Amino acid sequence: MGRKVQNTLIFSVAVLFLSLSSAASSSSQYNTLVVNTLPSSPILSSPDESESLNTVPESTTSLSLHLSHVDAISTFSDATPAELFNLRLKRDSLRVESLTSLAAVRNVTRRRTPRASGGFSGAVISGLSQGSGEYFMRLGVGTPATNMYMVLDTGSDVVWLQCAPCKVCYNQSDAIFNPSKSKTFATIPCGSRLCRRLDDSTECVRQRSKTCLYQVSYGDGSFTLGDLSTETLTFKGARVDHVAVGCGHDNEGLFVGAAGLLGLGRGGLSFPSQTKNRYNGKFSYCLVDRTSSGSASKPPSTIVFGNDAVPKTSVFTPLLTNPKLDTFYYLQLLGISVGGARVSGVSESQFKLDAATGNGGVIIDSGTSVTRLTQPAYVALRDAFRLGAKRLKRAPSYSLFDTCFDLSGMTTVKVPTVVFHFGGGEVSLPASNYLIPVNTEGRFCFAFAGTMGSLSIIGNIQQQGFRVAYDLTGSRIGFLPRAC
């Protein structure tokens, strides 16, 4: 009798173990995608101006601001979500071309581009109509503070904005900043230590200018030039004094809407580098869905500076250094899994950064939407996903996407999991971060693309919903899911 009971217990435990193993295996193979198509009409509200940027911060270590969607301030605010999405894809191609050109350091001459303990957080605005970047924040410039929208860009170092008087200025949603009305604006002398931090600090000498001159040229043909100065920036009461800011009098390119750019790169003149003593070289952002403007059920995107920006429970991967280019954030990508299995055609060697030439590697970028992988790696990933999703009805290709599905009439669907394997840890993507709607009729596409160049880029669609932490002091990047 005792042996029979013992055998029954062993059998029950074995069945339970197999059931748990089967459930775990299933969860590692498939994600559930909620089928939400693009809305047929605009759903975005106007930016919330109810919170003053000049109020006293809640504490000296952190500050929280709400967000609005940049479509509400753009010239395309009346466009349909489908039209905005198509504009975003066109803009994304220009962005990737720009970054690829900058990264190919052997073939590009960088023209007069700057090299670049509390904390605060600020509002980040996701945008589908700005060529210079996808996310924006509201901040105050000067004293008294003039409120402006600024592009957040991890692929740029310099902080700059349009200034009066304008030789050439593009259309922006706010009034052009007038430095003569600010008590804290100051030009920088030609030949000063701060001026010499520019890649080409001799421009003012050639122009026989007493003040320091800067020029930033982007790979897509956009550029800004003017006086390098210092100014006070205000983030909802958190004043940051003596920030080196380019005061641009000639600004041409794809910058329509925002007043300028807040460079978040690794170079010496980027905002994180300039404020390293105060914010310890740490910042993070959490980006919500690109069509969200923030609600009770879907919180807004945010950016945080300071020690609070780096959650201790994040999955961390070390930052790699490109000795030829100090702007970008390079990561060590070891491989990718689909449906719980490593893709055999995706290997670390395809993403290796060549320290001798500065070519190759994988960067994470706030301004690129769709993740780009070297062509062989992309083809292997795509084929693995197609195989895992073979029960789904295929649909025609769409724009840069060659793997699409017809999910019309469905409310939820099981799709293969996609996991990034970084040096130091794994990051499992939600289904909505790699299978995205492209129209109102139920067509969804695999949100990856190939590139013929050697540089791979992890875009912001794949970053959505993660708190992505940039720890320059610890030389690492952190990922924390569901942290917006």
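Of the residues making up region 310-339, those that are under 24 Å from L99 (Cβ atoms) and of a type in the set (G, A, S) number 1. Mind checking which residues of region 346-369 are in a loop (DSSP other than H, G, I, E, B) and either more than 23 Å from T154 (Cβ to Cβ) or among the small types (G, A, S) (or both)? Result: V346, S347, A355, A356, G358, G361, S366, G367, S369.
Taking the stated definitions as given, is S397 among the hydroxyl-bearing types (S, T, Y), within 27 Å of the chain's Cα centre (by Cα) and surrounded by fewer than 17 Cβ atoms within 10 Å (Cβ to Cβ)? Yes; evaluated as a whole, the condition is true for this residue. For region 434-445, the candidate set comprises residues that are β-branched (V, I, T) and surrounded by 19 or more Cβ atoms within 10 Å (Cβ to Cβ); within that set, the residue that is nearest to I477 (Cα to Cα) is I436. Picking from residues in region 446-471 that are within 16 Å of the chain's Cα centre (by Cα) and open to solvent by 20 Å² or more (accessible area, probe 1.4 Å), the one that is nearest to D308 (Cα to Cα) is R467. Residues in region 136-148 that are surrounded by 24 or more Cβ atoms within 10 Å (Cβ to Cβ) and in contact with a helix residue (DSSP H, G or I) (Cβ under 8 Å, 6 or more places away or on another chain): F136 alone.
Residues checked against (1) more than 23 Å from S475 (Cβ to Cβ); (2) open to solvent by less than 20 Å² (accessible area, probe 1.4 Å):
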site	(1), (2)
T230	yes, no
V240	yes, yes
E252	yes, no
G257	yes, yes
L262	no, yes
R266	no, no
F271	no, yes
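Looking at this structure, is C445 at pLDDT 95 or above and either over 20 Å from S28 (Cβ atoms) or in a strand (DSSP E or B) (or both)? Considered against the rule, which asks whether it is at pLDDT 95 or above and either over 20 Å from S28 (Cβ atoms) or in a strand (DSSP E or B) (or both), C445 comes out as yes. Against the list (1) assigned to a helix (DSSP H, G or I); (2) under 17 Å from V96 (Cα atoms), the condition R372 fails is (1). The set of residues in region 417-467 being in contact with a Gly (Cβ under 7 Å, 6 or more places away or on another chain) and of a type in the set (A, V, I, L, M, F, W, C) consists of L455 alone.
Can you name every residue in region 308-342 that is under 22 Å from G263 (Cβ atoms) and in a strand (DSSP E or B)? Of everything in region 308-342, those that are under 22 Å from G263 (Cβ atoms) and in a strand (DSSP E or B) turn out to be L319, L320, Y330, L331. Within region 200-210, restricting attention to residues that are open to solvent by 70 Å² or more (accessible area, probe 1.4 Å) and in a loop (DSSP other than H, G, I, E, B), which residue is modelled with the highest pLDDT? By that ranking, first place goes to K210. If only residues of region 151-178 that are in contact with an Asp or Glu (Cβ under 7 Å, 6 or more places away or on another chain) and of a type in the set (V, I, T) are counted, the one that is most open to solvent (accessible area, probe 1.4 Å) is V168. Can G361 be described as open to solvent by less than 10 Å² (accessible area, probe 1.4 Å) and either more than 30 Å from L94 (Cβ to Cβ) or at pLDDT below 95 (or both)? The answer is no for G361.
Going by the conditions given, is R197 open to solvent by 40 Å² or more (accessible area, probe 1.4 Å) and under 18 Å from G267 (Cβ atoms)? Criteria met by R197. Quick check, is D402 under 22 Å from R88 (Cβ atoms) and surrounded by fewer than 21 Cβ atoms within 10 Å (Cβ to Cβ)? It is true that D402 is under 22 Å from R88 (Cβ atoms) and surrounded by fewer than 21 Cβ atoms within 10 Å (Cβ to Cβ).
The values are calculated or read from the model by the stated rules, or taken from the named source; none is laboratory data. Predicted model only: the values in this text are computed from it and were never measured. Here the Cβ is made from the backbone with ideal geometry for all residues, glycine too, and neighbour counts use every protein chain on show. Ligands, DNA and RNA are excluded from the accessible area calculation, which covers all protein heavy atoms including side chains. Shrake-Rupley method; radii C 1.70, N 1.55, O 1.52, S 1.80 Å.
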